[in-house]
Amino acid sequence: QVQLVESGGGLVQAGGSLRLSCAASGSTFSINVMVWYRQAPGKQRELVAAITRGDNTNYADSVRGRFTISRDNAKNTMYLQMNSLKPEDTAVYYCAAPSRWDSSWSDLLDSSRSPHMYWGQGTQVTVSS
């Protein structure tokens, strides 16, 4: 099994930056894809960014150019560098990892195609105007 713990959330002004971390433990060798989701109150969960063990990445259009996902496989840690933050970025951010090795972006967008997902507990990001 895999355990995920997020950290790095906080309160920042619009235009500021935050760096989120997600530390993985347990059977980390079984994980290829790691992702960041976010969920704002009253809104659907949104897939933010994804990265593979080989550093292939993808981003939601809403964050592309502002956020950078990365990982350090030796440390079993994934990061999300968030720059030029906007109030609409306010949400709880979750790291997650599908158990399926070859999960695609489309798979991750559709929860029915990612039935076995490891989840962190989330970290709050609040961006003030």
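The values are calculated or read from the model by the stated rules, or taken from the named source; none is laboratory data. For clarity, every value in this text was computed on a predicted model and none was experimentally measured. Here the Cβ is made from the backbone with ideal geometry for all residues, glycine too, and neighbour counts use every protein chain on show. We work out accessible area using only protein heavy atoms, side chains counted, and drop any ligands, DNA or RNA first. Shrake-Rupley method; radii C 1.70, N 1.55, O 1.52, S 1.80 Å.
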Nearest 5 percent is fine: what portion of the DSSP beta bridges confined to the chain is antiparallel? 90
Under 5 Å, built H, 5+ apart or other chain: amide partners of residue 118: 97, 99
Are there any chymotrypsin sites (Phe, Trp or Tyr not before Pro) in the range 26-129 that are in a DSSP loop and have at most 11 other Cβ atoms within 10 Å? List them by number. 101
Each label point is 7 Å from the Cα along the Cα-to-Cβ direction; what then is the distance between the points at residue 128 and residue 3, in nm? 3.5
Packing-wise, with mean Cβ within 10 Å as the measure, how do 106-113, 70-77 rank, highest first? 70-77, 106-113
Going out from 0 in 10 Å bins, what whole percent of all Cα-Cα distances in the range 1-104 drops into each bin? 15, 51, 28, 6
Suppose each label sits 7 Å from its Cα in the direction of the beta carbon; what would the residue 101-residue 83 distance come out to in nanometres? 3.5
Expressed per residue, the solvent accessible area of the chain in Å² (1.4 Å probe) is about 51
Size of the dipole of the chain about the Cα centre, Lys and Arg at +1 and Asp and Glu at -1 on the beta carbon, nothing else charged, in debye to 20? 100
